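In what follows, a single structure is set out as structure tokens and then discussed.
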Amino acid sequence: QVQLVESGGGLVQPGGSLRLSCAASGIIFSIYDMGWYRQAPGKPREVVAEITSGRSTKYTDSVKGRFTISRDNAKMTVDLQMNSLKFEDTAVYYCHARPPPVVGQPPISYWGQGTQVTVSS
């Protein structure tokens, strides 16, 4: 059974930092592409950052230079270090796992339950 468990969310003031962590189980973690998504109230879910099995990273423009995604294959965790947080970063943050594609089969996605990040003064 695949499980993705997020932790590290909370309330922080603008300009502050938080570190989110996602612990995975039930998957061959090292071959999965991992990512963090977020969903603010009334808005669609959007990708924040992704890290491939080969450790290539990609960020949405609004977080470049402020957020850093990293992974530890031995611990089966993926972290998101968030610095210089802004009001608009407030959202529920979700961990995402995607296995290598298989020809002829639909793509598979696994999601965590989400962790709330609130940036407020």
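Tabulated results
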item: Pairs where the first residue, in segment 58-74, is more than 22 Å from SER30 (Cα to Cα) and the second is open to solvent by 30 Å² or more (accessible area, probe 1.4 Å) and among the acidic types (Asp, Glu), C-beta under 8 Å, 6+ apart; result: THR60/GLU46; SER62/GLU88
item: For GLN13: the one exception among (1) crowded, with 17+ Cβ neighbours inside 10 Å; (2) closer than 20 Å to SER121 by Cα; result: (1)
item: Residues located in segment 59-71, provided they are assigned to a strand (DSSP E or B) and either within 16 Å of GLU46 (Cα to Cα) or of a type in the set (D, E, K, R) (or both); result: TYR59, PHE67, ILE69, ARG71
item: The one condition in (1) under 19 Å from ILE108 (Cβ atoms); (2) exposed (fewer than 12 other Cβ atoms within 10 Å of the Cβ) that TYR32 fails to fulfil; result: (2)
item: Filtered residue count, segment 16-29, keeping only those that are open to solvent by less than 60 Å² (accessible area, probe 1.4 Å) and either on the phi > 0 side of the Ramachandran plot or assigned to a strand (DSSP E or B) (or both); result: 8
item: ARG55 open to solvent by 60 Å² or more (accessible area, probe 1.4 Å) and modelled with pLDDT of 95 or more; result: yes
item: Lone unmet requirement of (1) more than 12 Å from the chain's Cα centre (by Cα); (2) surrounded by 12 or more Cβ atoms within 10 Å (Cβ to Cβ) for PHE67; result: (1)
item: Residue in segment 72-88 that is under 14 Å from the mean Cα position of the chain (by Cα) and assigned to a loop (DSSP other than H, G, I, E, B) present; result: yes
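The values are calculated or read from the model by the stated rules, or taken from the named source; none is laboratory data. Keep in mind it's a predicted model, so treat the numbers as computed, not measured. Every residue, glycine as well, gets a Cβ built from its backbone with ideal geometry; the counts of neighbours run over all protein chains shown. Just the protein is used for accessible areas: all its heavy atoms, side chains included, with ligands, DNA and RNA removed. Shrake-Rupley method; radii C 1.70, N 1.55, O 1.52, S 1.80 Å.
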